[in-house]
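Below is one structure, written out as structure tokens; the observations come after it.
FYI, it's all coordinate maths here, none of it is from the lab. Bear in mind that the values here come from a model prediction, so they are computed numbers and not experimental data. Positions of Cβ are backbone-derived with ideal geometry, glycine not excepted, and every protein chain shown enters the neighbour counts.
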Amino acid sequence: MPVVFTCEKADLLEVKTRSERETMSLGESLGRVAKAGTVVGLRGELGSGKTRFVQGMARGLGIPEREAVTSPTFSLIHEYVGGRLPLYHIDLYRMKEGELDPELGLDEYLEGQGVCALEWAEKIEGFLPEDRMDVTLSIEGPKSRRIVLRALGPMHREVLERLKG
């Protein structure tokens, strides 16, 4: 993982990446250690690298390269199978904050046996499971990012410990 670690605590990992490739590499490392039921809430402004991070997660899960992992801004949900675990990529950008359409069936993804990655997770903060991984991406330069991974709950603390290796 070619990144610079800037802070490390039991439930927190702060990383500085210097390129899209490094951001994807961090996501790939998380994908490699993710377990069934992993929920990753991604936060960050437009262009901060949320989709790149999820593309890396897909590679780490072994989703075939032929699967083009793109932002599901208009379809809301993309499902990727064929890897070690399915990946559910959800983009909540167009949703109103604090509102969740029950017809989306989001509970099925959040409680499923795959890995759930939610862009703009803050929009449904009250609906997210307590045990999850929050990933905040901040733009520090044209290609550099500060990425903070915070494990909330025992399962995700274990995932974070595995990521730290």
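Before moving on, here are some points about what is shown:
- Inter-label distance, E79 to L46: 3.0 nm, where each label sits 7 Å from its Cα along the C-beta direction.
- Within the same chain, aspartates and glutamates fewer than 8 places from K50 are excluded, and of the rest, those with a Cα less than 14 Å from its Cα are E20, E22, E28, D91, E119, E122, D134.
- Among E119, E28, E65: highest mean-square fluctuation, GNM of the chain, C-alpha pairs under 10 Å: E65
- Relative contact order (percent, whole number), the chain, Cα cutoff 8 Å, 6+ residue spacing: 30 percent
- Of S19, S48, the sequence from fewest to most neighbouring Cβ atoms within 10 angstrom is S19, S48.
- When the chain is treated as a GNM with alpha-carbon contacts under 10 Å, the residue of A34, A121, A68 showing the greatest mean-square fluctuation is A68.
- Derived scalar couplings between HN and Hα for the range 26-33 equal 5, x, 4, 4, 5, x, 5, 9 Hz in order, rounded to whole Hz, by the Karplus curve 6.51 cos²θ - 1.76 cosθ + 1.60 (θ = phi - 60°), x for Gly and Pro.
- Here the dipole of the range 4-164 is about 860 debye; that uses its Cα centre as origin and unit charges on the Cβ of Lys and Arg (positive) and Asp and Glu (negative).
- Put a dot 7 Å past the Cα of E158, heading toward its Cβ, do the same for I139, and the two dots end up 3.8 nm apart.
- For the chain, DSSP calls about 65 percent of its internal beta bridges antiparallel.
- Only one item in (i) 1.05; (ii) 0.94; (iii) 1.26 matches Cα Rg over 2.2 N^0.38 Å derived from the coordinates shown, and that item is (ii).
- Residue order, fewest to most surrounding Cβ atoms within 10 angstrom, among F53, F74: F74, F53
- FRET efficiency for the pair E65 and Y93, taken as 1/(1 + (r/R0)^6) with r the Cβ-Cβ distance and R0 = 22 Å, rounds to 0.30.
- Cα-based helix-to-principal-axis angle, 50-60 vs the chain, degrees rounded to 10: 80 degrees
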